[in-house]
Structures are given as C-alpha cells and as structure tokens.
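**Q** Please read through the structure below; I'll follow up with questions.
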Amino acid sequence: MIPAPTMNPSALLADDQTLLRIGASILLTILVLAARHATSRAIRRRADILDGQQRRQLFYARSGFNLLLFFSLLMLWFGQVQDLLLSLTAVIVAVVLATKELIMCVSGFALRTGASSFSVGDWIEVNGMRGEVVEYDLLSTTVLELNPPRLGHSYTGNKLVLPNSLFLTHPVRNEKLPGGYVFHPFEIVVEGQIDARRAWRWLKDECERLGADFAAEAQRYGRLIDKKLGVDVPGPEASVRIRTTDQGKLAFDLTLFCPARRADELETALTAGLLAEIGAGRFDRAA
C-alpha cells in the first residue's frame, strides 16, 4: 500500500499567510478607493466648475489617499518585498561585474553622443592613438591611423578599433578643422653661424609666397574657426619663431595653417629652400 504524501506544515502556513495578505490587500484597496471617492464628492459638492481652493483640496485629498494605500500595502508585504529586493540586488551586482566593460563602452558612446565630441570624418587623438573616424557604434569606434603631425598627416595603412570606454578615462582631441585644413607644426634646426634675423625674414616671406594660392580660402576658414570657437586662434598667417637648442644651434619653429594634403609638400619646400640659402651663403653674418 502506497503511503499518502505528507504536506510540510511550514509550507502550508506560508500559503495561508500569502492568501491572507492577498485578501487584506484587496479589501484595503477597496476601502481606500471608496474613501477617496467619497472625499472627492464631498469637496466637489456637485459643482460642475471648481474654484482654485477646491482644486487644491481635491489634489491633496487624492494624493493623501494614494500615499496611504501605497504605504499600507508596503507594510503589508514588507517582508516579501525585502526578500525580493535582496535577491534582485545580488543579481544586479553580479550582472554589473560581469558586464562592466560593456557598460563602460555604452557609457562612452553616450558621452560621445551627448558632447558631440566627434563624428565620421573627424581626426581625433585619444590615449596616444590618432586617426580619422570612419565608423562608430555602441561598443567601439573605428579609425584609420594617421602619422603624428611632426611626420605629416598621411595615413599609415593601419585600422584601429578603439573601445568606447577610452572616452571615459582619456580626453579626446578633435583636431580636424573645416575644409580639411590643419595646423602643421615642424622645426628646422641649423648651425648658429648665420644671421638669424635675415633667415627668419626669408622664412616669413617664403611662407607667404608658397601659401598665396590658398591664402583667400585659409582666411575664410580662419574666420569660421574663430567664430565657432569664440577665440582668436593663430593663423592663417604662418607662425615662425626662433629659439636655440641645448647644443647651441638655431631652431626655427614653424606652424602652418594649410590644407592637410599640402602639409608635407610645404614643409619639404621650406626646409630645402632654407638649407639651400644657407649653403649659398645668403645669411652669412659678414654679408
């Protein structure tokens, strides 16, 4: 003979308590809603149009009964709600720890979108990596790597996939300007036995001569940049500074505001021209 299954007394007690709470919740809801309805009718006093005081009384009465119902149900189910919250908290913490990098990537995407820090086609530099943005999504940003400014602005042929979490921990420098123009810095170091002032003057004139074909366009884009940033940025005239190195040589620091595609060409022309002039003795101190 198969023995009859026995029921756990604690399980039966828990089920009875749950049924009692459900019944009490339904009864409590009905009573509070009925009281709210009666109070609202008393405030209205069968008036079709309410004045300001009646509208305030009606609002406060409804809000009070809603809060009473909420806190009454919360106290009634507090034990079950507490157990549920503890379970959910443990699950949420585990999920956050397991998906920390993904959450940071999505947050980085939200930061990029909210700040409009860059878009497709912009040149950016972040954490020492520099390139042109070709694609971005929730998790990553793809860029075509560019040489550093001192080596020109040409592509290296490498494609970099950057996790968006980098934008939360490192500053992003957006360096591409309107019209494909860039600030191209470079230096020319020569021996110190020359007339530095005459060499400086020659470099200024040569920069003006080589940039004559795009001077009007550079002037227009320069005004656009000033207006966009709200500051007077250098350019479009070339900047030429003189300094000395630790070895006692002369160094000419130049910054050109020019189209990116012409940066290498202009740097080579200025460097070769200055060295040719020095070789020909044009800047000798005796002269």
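**Q** What number do you get for the range 53-139 when its Cα radius of gyration is normalised by 2.2 N^0.38 Å, N = residues?
**A** Expressed relative to 2.2 N^0.38 Å, the Cα Rg reads 2.01.
**Q** Rounded to the nearest 0.05, what FRET efficiency do Ser116 and Asp264 have when you use their Cβ-Cβ distance and R0 = 25 Å? Present the calculation step by step, with values, prior to reporting the outcome.
**A** Values: r = 31 Å, r/R0 = 1.22.
Calculated value: 0.25.
**Q** What order do you get for Tyr136, Tyr155 when you list them from fewest to most C-beta neighbours inside 10 Å?
**A** Tyr155, Tyr136
**Q** Taking amide hydrogens as modeled 1.01 Å from N in the peptide plane, which residues meet the under 5 Å criterion relative to Val182, leaving out close sequence neighbours?
**A** Amide H neighbours of Val182: Cys258, Ala260.
**Q** Still on this model: Please enumerate, by chain and number, the aspartates and glutamates with C-alpha under 12 Å from the C-alpha of Lys204, excluding those fewer than 8 residues away in the same chain.
**A** Cross-link targets: Glu237, Asp253.
**Q** If you don't mind, there's one more thing I want to ask. Amide H to amide H, which residues 5 or more places from His153 or on other chains are under 5 Å from it, using H placed in the peptide plane?
**A** Asp264
All of the numbers you see were taken from the coordinates with simple rules; none came from a lab. What you are looking at is a predicted structure, and each value in this text was computed from that prediction instead of being measured. Because the Cβ atoms are built from the backbone with ideal geometry, glycine has one as well, and the counts that use them run over all protein chains shown.
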